[in-house]
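First comes the structure, then the notes that go with it.
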Amino acid sequence: MSQQQCACPKCDCSVDSQAIEKNGQKFCSESCAIGHTDGSTGCGHNCSCGK
Ligand SMILES: [Zn+2]
Ligand SMILES: [Zn+2]
Ligand SMILES: [Zn+2]
């Protein structure tokens, strides 16, 4: 099985069964999926990809 990475530019999290798909890309969380336009600084996985 190949692991995929979250499509959020700064996010290093891997995505699998819980991936959120948007525009053909896979994201690890809703925050990443919307490009952190909600003002979130991270994805809930201890990374600060939204900063
Ligand atoms: Zn992340
Ligand atoms: Zn992510
Ligand atoms: Zn992110």
Taking region 1-44 and dividing mean pair separation by its residue count, relative contact order in percent (alpha carbons under 8 Å, at least six apart):
29
Calculated from DSSP helices alone, with each H run of at least 4 adding -39500 (n - 2.57) and the total divided by the residues of the chain, [θ]222 nm to the nearest 500 comes to -1000 deg cm²/dmol
Please give the FRET efficiency for K22 paired with S48, using the beta carbon to beta carbon distance and R0 = 30 Å, rounded to the nearest 0.05.
0.90
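Percentage of Cα-Cα pair distances in region 1-44 greater than 17 Å, rounded to whole percent?
21
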Which value, in debye to the nearest 20, describes the size of the charge dipole of the chain about its Cα centre when Lys and Arg Cβ atoms bear +1, Asp and Glu Cβ atoms bear -1, and nothing else is charged?
140
Amide H neighbours of Q4 under 5 Å, counting only residues 5+ apart in sequence or on other chains, H built in-plane at 1.01 Å?
V15
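Throughout, read-outs are computed from the coordinates displayed, never taken from laboratory work. Everything numeric in this text was worked out from a predicted model, so none of it was measured. Glycine also receives a Cβ, built like all others from the backbone with ideal geometry; neighbour counts cover every protein chain displayed.
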